[in-house]
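Notes for the one structure printed next.
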Amino acid sequence: MALKITDECINCDVCEPECPNEAISQGEEVYVIDPDKCTECVGHYDEPQCVQVCPVDCIPKDPAREESKDALTAKYHKLTGK
Ligand code: SF4
Ligand code: SF4
């Protein structure tokens, strides 16, 4: 599953540089995650890095983007070419 940022985001900017896939960017009001680039950090880290650093805990899984571990791994390979 890709993750998403809710409107509780306080635009603190700490998550953006932590994403290994450059999936996070500033949106119109709050930060946003590109679901095509988010692998839940699969392939890079054991835990989602953005969730680890977010001070207000506003990055849940997006139920609309359900993906298996295999699908996330495949996305990682596609994104990195590895
Ligand atoms: S879970 Fe990982 S890949 Fe997805 S947005 Fe957060 S830091 Fe980026
Ligand atoms: S770390 Fe959390 S509060 Fe800060 S910009 Fe990212 S999603 Fe928003």
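Tabulated data for the structure shown
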| quantity | calculated |
| --- | --- |
| Filter result (open to solvent by 40 Å² or more (accessible area, probe 1.4 Å), within 15 Å of GLN49 (Cα to Cα) and not in a loop (DSSP other than H, G, I, E, B)) within segment 1-34 | GLU16, PRO17, GLU18, SER25, VAL32 |
| Candidates LYS78, LYS37, filtered to the one that is part of a helix (DSSP H, G or I), open to solvent by 50 Å² or more (accessible area, probe 1.4 Å) and basic (Lys, Arg) | LYS78 |
| Some residue of segment 4-21 being near ligand 1 (Cβ under 8 Å from one of its atoms) and acidic (Asp, Glu) | yes |
| Tally of residues being in contact (Cβ under 8 Å) with a residue 12 or more places away in the chain and among the charged types (D, E, K, R) across segment 37-56 | 2 |
| Unique residue being under 18 Å from CYS9 (Cα atoms), open to solvent by 30 Å² or more (accessible area, probe 1.4 Å) and modelled with pLDDT of 95 or more when the list is ASP70, ASP57 | ASP57 |
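The values are calculated or read from the model by the stated rules, or taken from the named source; none is laboratory data. Keep in mind the model is a prediction, meaning the values are calculated, not measured. Ideal geometry is used to build each Cβ from the backbone, glycine not excepted, and the neighbour counts take in all protein chains shown. Just the protein is used for accessible areas: all its heavy atoms, side chains included, with ligands, DNA and RNA removed. Shrake-Rupley method; radii C 1.70, N 1.55, O 1.52, S 1.80 Å.
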